[in-house]
Amino acid sequence: MVDLHTPPLRERREDIDYLTDYLLEKITDRLHIPLVAISNEARQLLREYDFPGNVRELENILERAINIINENTDTIQPEHLSLLGFNTAPSANSVNHNLMSSLPMTLEESVSLAEKNAILEALKHSGGNRKKAAQLLNIHRSLLYKKLRKHNIG
């Protein structure tokens, strides 16, 4: 039996930039969306964060940030991380900190936001053609119209 010790991410800060780039590519590929960039300021926040989790936590942070960025931007900014309750201030109990518990959105709100983003992305890819957008989303056009009204999308 071989024991491998992998130090926590907070002890490998030099890996955060590399992992961030890799994970952004992985997430956007999985979501079938254009690659999202990250600003230097947001990148610095990640480098300063005392990760209580590990790489999986970094991936979750990035995926949630991608889901809340404005459809008019393709870059994660520091405010996208702060909307998640992301705090880089050191604390005595940061090891026990659970990022999900500080997330200001309920599951229903998160699902609704993801649904809205998917609709906006489909409309963007279809050039505003709602029939094509519904096809991209694999839903009936009447359901798309219902969801457009639900999310106040013109």
Would a scan of region 31-52 turn up a residue that is of a type outside the set (Asp, Glu), at pLDDT 90 or above, over 25 Å from residue 124 (Cα atoms) and in contact with a strand residue (DSSP E or B) (Cβ under 6 Å, 6 or more places away or on another chain)?
yes
Does residue 97 count as closer than 30 Å to residue 145 by Cβ and either modelled with pLDDT of 55 or more or in the same structural domain as residue 28 (by TED's automatic domain parsing) (or both)?
no
Tell me, which residue of region 100-122 that is surrounded by 16 or more Cβ atoms within 10 Å (Cβ to Cβ) and over 18 Å from residue 133 (Cβ atoms) is modelled with the highest pLDDT?
105
If residue 129 satisfies every condition in (1) over 15 Å from residue 31 (Cα atoms); (2) out of contact with any Leu (no Cβ under 9 Å at 6 or more places or on another chain) but one, which is the exception?
(2)
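The values are calculated or read from the model by the stated rules, or taken from the named source; none is laboratory data. Note that this is a predicted model, so its numbers are computed, not measured. Methodologically, a virtual Cβ is constructed for each residue, glycine included, from the backbone with ideal geometry; neighbour enumeration extends over all protein chains shown.
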